[in-house]
Amino acid sequence: MLKRTLVLGAVCCMMLFGETADAGKIKSKLKGRHRTGLPGQGYEDTLNVPGQPWGVHDKDRPEPWVITPPTASTQAKAGSAPSDATVLFNGTDLSQWQSGNGKDAQWTVKDGYMEVNGTGSIKTRESFGSCQLHVEFASPMEIQGDSQKRGNSGVMIMGLYEIQVLDSYENRSYSDGQAAAIYGQYPPLVNASRAPGQWQVYDIVFEAPSFDEDGVVAKPAHITVFHNGVVVHNRAVSLGQVAHKDPPQWKVHAEKLPLTLQDHGNPVRFRNVWIRPLTGYDSDQ
Ligand code: MG
């Protein structure tokens, strides 16, 4: 108790002399994260949390990184990314993207969005594994075609695991291929689609698969998806790489691979695309 009183006293002194928490900020080696630098509060005499090296309410347990959270988008304006995210598209340029052949991406960039234009799928220059991914898309305002021919694109995580992009607003297709489906494997729990031309959001948590030494899947990918704020997959267990008219299969691949956005011949738009790795929180790395 005495110790805690002293700590509180020190904080009060800092406030009295006009020092802010900023003065002692500890920066991460990664951008957009810091620790307050304020002393930990808690206990030294409690039993451990089961299975963990830390006591219950342990005052020495490392402080979570502080980030600036994202701002929400509106139909008129894209929001901002969290401070520690890798921004893949902020509405102005395709510098983070390349074509399938390794040349610069050629999609149309206009008025804060990028649009599929028949020049082929694009993939990120950087590779990613387990991640949180935020993607906003809009189906073409002008309705053309039906089923899989209307507003088709795709968010291909690691280039291999597709969350379908489709105009599924009053447009029926096969259920495991409609908007927000894990293509060819799981329909979304509900159809939360907005009308053509409206901005829609996928928030995805992707846990990458791992393989044993023989190339057999040891842990399948797990995929959680929110479509326009509604959960449509809750840690769905992937059955393997995306396939069309064939059952999915596992094939061994690297721990990290580029993210792909699909050109399926329809002028689908994207904006406000950002990604955060799911690892690296316990260290400075
Ligand atoms: Mg597709």
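Counting only strands (runs of 3 or more DSSP E) that sit wholly inside segment 162-270, those with at least 1 residues that are over 19 Å from Gln132 (Cα atoms) and either under 19 Å from the mean Cα position of the chain (by Cα) or in contact (Cβ under 8 Å) with a residue 12 or more places away in the chain (or both) are 217-219.
Hey, among the residues in segment 146-165 that are more than 10 Å from the ligand (Cβ to nearest atom) and among the hydroxyl-bearing types (Ser, Thr, Tyr), which one's farthest from Trp274 (Cα to Cα)? I'd like the intermediate steps shown before the answer.
Taking segment 146-165 as the starting set, the residues that turn out to be more than 10 Å from the ligand (Cβ to nearest atom) are 146-147, 149-150, 157-161.
Keeping just the survivors that are among the hydroxyl-bearing types (Ser, Thr, Tyr) gives 147, 161.
Numbers: Ser147: 29, Tyr161: 17 Å.
Looking at residues that are more than 10 Å from the ligand (Cβ to nearest atom) and among the hydroxyl-bearing types (Ser, Thr, Tyr), I get Ser147.
Among residues of segment 131-146 being among the polar types (S, T, N, Q) and under 19 Å from Arg271 (Cα atoms), the one that is least open to solvent (accessible area, probe 1.4 Å) is Ser139.
Among residues belonging to segment 273-285 that are more than 16 Å from the chain's Cα centre (by Cα) and open to solvent by 70 Å² or more (accessible area, probe 1.4 Å), point out the one that is modelled with the highest pLDDT.
Going through segment 273-285, the residues more than 16 Å from the chain's Cα centre (by Cα) turn out to be 282-285.
After this cut, where a residue has to be open to solvent by 70 Å² or more (accessible area, probe 1.4 Å) as well, the list is 282, 285.
Details: Asp282: 65, Gln285: 40.
Only one residue tops the list, namely Asp282.
So, in segment 239-272, of the ones that are within 16 Å of the ligand (Cβ to nearest atom) and over 28 Å from Ala78 (Cα atoms), which residue ends up most open to solvent (accessible area, probe 1.4 Å)?
Here is the first cut: in segment 239-272, the residues within 16 Å of the ligand (Cβ to nearest atom) are 241-246, 248, 259-270.
Filter once more, so that each one left must be over 28 Å from Ala78 (Cα atoms): 241-246, 248.
Working: Gln241: 30, Val242: 44, Ala243: 31, His244: 114, Lys245: 182, Asp246: 101, Pro248: 34 Å².
Among them, the one singled out is Lys245.
If the requirement is being of a type outside the set (Phe, Trp, Tyr) and within 14 Å of the ligand (Cβ to nearest atom), which of these qualifies: Ser175, Ser168? Walk me through it before giving the result.
Numbers: Ser175 fails: within 14 Å of the ligand (Cβ to nearest atom).
None of the other options fit; the residue is Ser168.
Let me confirm something: among Ala208, Ala179, Ala192, which residue is of a type in the set (A, V, I, L, M, F, W, C) and either closer than 19 Å to Val116 by Cα or open to solvent by less than 10 Å² (accessible area, probe 1.4 Å) (or both)? Answer to the selection: Ala179. Listed here are the strands (runs of 3 or more DSSP E) enclosed by segment 59-151 that have at least 1 residues being under 20 Å from the mean Cα position of the chain (by Cα): 86-89, 97-99, 113-115, 122-128, 131-138. Here Gly184, Gly197, Gly229 are screened, and the one residue that is modelled with pLDDT of 95 or more, of a type outside the set (Ser, Thr, Tyr) and within 16 Å of the ligand (Cβ to nearest atom) is Gly184. The one condition from (1) open to solvent by 30 Å² or more (accessible area, probe 1.4 Å); (2) more than 16 Å from the ligand (Cβ to nearest atom); (3) under 23 Å from Ala180 (Cβ atoms); (4) not aliphatic (A, V, I, L, M) that Lys123 does not meet is (2).
The values are calculated or read from the model by the stated rules, or taken from the named source; none is laboratory data. Please read all numbers here as calculations on a predicted model, not as lab measurements. Every residue, glycine among them, receives a Cβ derived from its backbone with ideal geometry; neighbour counts consider all protein chains shown. The protein model used for the area step is the full one, side chains on, heavy atoms only, and it has no ligands, DNA or RNA in it. Shrake-Rupley method; radii C 1.70, N 1.55, O 1.52, S 1.80 Å.
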